Structure formats: C-alpha cells, structure tokens
1. Pick from segment 200-228 the residues that are surrounded by 18 or more Cβ atoms within 10 Å (Cβ to Cβ) and more than 25 Å from Leu299 (Cα to Cα): which of them is farthest from the chain's Cα centre (by Cα)?
2. What are the pairs with Cβ atoms under 6 angstrom where one residue, in segment 106-127, is closer than 25 Å to Thr326 by Cα and in the same structural domain as Lys163 (by TED's automatic domain parsing) and the other, located anywhere, is in a loop (DSSP other than H, G, I, E, B) and basic (Lys, Arg)? Sequence gap at least six, or different chains.
3. Filter segment 54-78 down to the residues that are touching a Ser or Thr at 6+ places or on another chain (Cβ under 6 Å) and part of a helix (DSSP H, G or I), then identify the one that is farthest from Leu186 (Cα to Cα).
4. Test each condition in (1) more than 25 Å from the chain's Cα centre (by Cα); (2) hydroxyl-bearing (Ser, Thr, Tyr); (3) surrounded by fewer than 19 Cβ atoms within 10 Å (Cβ to Cβ) for Ser284 and report the one that comes out false.
5. Kindly indicate the residue of segment 90-106 that is in contact with a Leu (Cβ under 8 Å, 6 or more places away or on another chain) and among the polar types (S, T, N, Q) and also surrounded by the fewest Cβ atoms within 10 Å (Cβ to Cβ) among those meeting that condition.
6. Could you list all residues from segment 114-143 that are in contact with an Asp or Glu (Cβ under 8 Å, 6 or more places away or on another chain) and modelled with pLDDT of 95 or more?
7. Being among the aliphatic types (A, V, I, L, M) and on the phi > 0 side of the Ramachandran plot is the filter here; which residues of segment 53-107 pass it?
8. Suppose we keep only residues that are of a type outside the set (S, T, N, Q) and modelled with pLDDT under 95 within segment 43-64. Which one would you say is surrounded by the most Cβ atoms within 10 Å (Cβ to Cβ)?
Amino acid sequence: MRTRVLCGLAAGVSLLVSGCASGGDGPGRSVTAVTAAGFPVKVMDCQRRATSFDAAPGRIVTSNAAALEMLLELGAGDRVIGTGFPPGAGQLPAEVAEQGTAIPVLGETVIAKEKLLGSGADLYIDSFAAMAGAGGTGGPPSEQEFAAAGIKHMYLLSTACAKNEQTDLAEVQQDIKRLGAVTGTLPAADRLVAAMDSKLAEVAVGLGRLPEAQRPGYFFFDYDAGAKQPTAVCRKQIANAIITLAGARNVFADCDADFKQVGWEDVIAKNPDWIQLGVRSRGSADADRKAFDEAEQFLRTNPATRNLAAVQQGRFVRIGSEATTTAGVRNADTVQQIARTVHPELVGGGR
C-alpha cells in the first residue's frame, strides 16, 4: 500500500501514513475501538530510523509525563500500561488527571531496562535522547532488544530530538499529530493542534512585528531545581520557544543546551525585566500559591537578587514549571499567559 504525507502537516514533516483517519474522540476520552482506515503508518525519528505500524498499539509505555499527557489528551490513555517519571500531584490537566494518576508507575525516574523489556508493551514512547546510565547498569535497551521483546520504539521529536534553537511549537504539534496517527486518534490530534494554533495566532496578531528592542528580558527561575545555584533554560529547551512566541527574550538563549546551571552573578549580569517563578505543582491551589510566595520571597530577600530590576518592580510571572518546560498541548496556553502579562497593552486579557 502506497503511503503519503499526513493531511494537515507541512511538507517535510517526518510522518507518512496511508490516508487520513476519520471520526475519533476528544481529549481525555477513552478510545478503545480504533479504526484501521488510517493504517499503515510510518514514523521517522531524528536518526531517520523508520518505525511502521499496521494497526494501533494496544499496550503503550511512556518514558515520562510529557508523552503520557499527550496520549491522555488524545484520548488514548486507556492503552497506556505504565510510565516512568510519573506526573506529580496536580501536574496533569484536571480533565485527564484521574486517569493519568491511575497509570502504573514502572519507574520513579528512568524505567529499568529489564522492567521495560518485560512490561508486555507493544510500543515505548521515548521522550529522551540516549543518556548515559539510562535503564540501569546495562544502559537503555538496544533497538535489537526492543525488537526481540516485540516492542516498537519511537521518540518525541520535541524533546529527544531537539538539536537546534527552539523558537516555535512546530515539533510539539508534529508529535501530537504523529501520536494521533500511530494511535488512530488523528481527528483528536487535529482538534488539539487547531486549538493551539488559535491561541498562538491571537498572540501573534496582538504582538504584530514586535521590534527586538521591545522584547523584555525574561528569566525562568526554576525554584525547585535549587535556589543556591540557579538552573537556566537555554535555547534548546521548549521554554525558549514559549518565551519567544510570547514576545519576550530569554536572557539565557545564548547557552547551547536545554538546561544549564549558572551563577547568580550571571543572572545579575543579564538583569531580566521579568522573572517567571517556575515552581512545580504542589497538588492544590493553596499549596501552589504558598510555593510561589516562597520563590518570590527568596528573590526579594536574597542579597544577590533583591536589586534586580524585575524584583525591584515586582515583575513576577506565576506559571508552573510543567506547562513551560514540558512539551505538550498546554504550551500554547503558557504562551498566551506570558504574553498577556508582559504585553497587556498588545494582547487581550492582560494582568
């Protein structure tokens, strides 16, 4: 059967399918019966390795909460049999949280190689590039070991394959559509991407051709990564794209990595106009508010940071880490929130 480019994706996207599926369920809904109309599907990863699917997988393991959340939003969560790096309390959107927190945890961090290969999965969705020590002392499974266990292996382009500066959400949206094609939930994927596009378009229209000089310096303060030595988000992290699309300028966009530990003297030298208080969800609005307060209080009282322009002027953005640094549907919401905060005169619904 001849394959062709998936409907709705720009030319050059590494996703081929035979035809386009129809029907499907919305975010958070169960999709047990999957039509075969959209198969076979072939996906390409960043090493140009092809993985083919003649039918939708029924037993999926995800490496972390990023891939898990995408599947839940697509309505394919009932086929996920386990995950690594499980979502914390309150991390998932409310509409999929109950289902997501019921997913078996195969590893609090990277899933051990033996457990992954013996999981009974028919698909492993990998959010990570190869990491030293991943999978235990034996390292991660090889492609031959995945094949011998009957597990297909595919990567998220937006996280495992990010090699260049992240300036838009194109790879996130490609991942949503790739997973939609593979799981037979492409109509749901199309709706999710369309909703993201609508939010991004509102911001883009409001900002217009914003001159670089009018983009305020923006620092993502990862409070939970440690306050003694801050961790910056760099040009290869999805947060860089979010900050850019929101009309701000990541003050650490010059570091060629995804994350990098820096010194407070480096932050002082950048003197950002805005600081995002990046705290992870604590499981309730009250607990989140307390964590944001603690992060702000640290910046206001720490001798190294209390004289920063953003601190002196109270320019803090209270948006959690997960929707900013984890690739997914909510990235578009974060773009909208940041833009409305730092450019209230240009983008509607400002603070």
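1. The selected residue is Gly206.
2. Listed pairs, sorted by first residue: Ala121/Arg59; Asp122/Arg59.
3. As a first pass, look at segment 54-78 and keep what is touching a Ser or Thr at 6+ places or on another chain (Cβ under 6 Å): 56, 61-64, 66-68, 74-76, 78.
Next, only the ones that are part of a helix (DSSP H, G or I) stay: 66-68, 74, 78.
Working: Ala66: 18, Ala67: 16, Leu68: 16, Leu74: 8, Asp78: 16 Å.
Per the stated criteria, the residue is Ala66.
4. Going through (1) more than 25 Å from the chain's Cα centre (by Cα); (2) hydroxyl-bearing (Ser, Thr, Tyr); (3) surrounded by fewer than 19 Cβ atoms within 10 Å (Cβ to Cβ) one by one, Ser284 breaks only (1).
5. That would be Thr101.
6. If the condition is that a residue be in contact with an Asp or Glu (Cβ under 8 Å, 6 or more places away or on another chain) and modelled with pLDDT of 95 or more, then Leu117 is the only one that fits.
7. Matches in segment 53-107: none.
8. Out of the qualifying residues, it is Val43.
The values are calculated or read from the model by the stated rules, or taken from the named source; none is laboratory data. This one's a predicted model, so the numbers in the text were calculated from it and none came from an experiment. Counting neighbours? That spans all protein chains shown, and the Cβs are built from the backbone with ideal geometry, glycine included.
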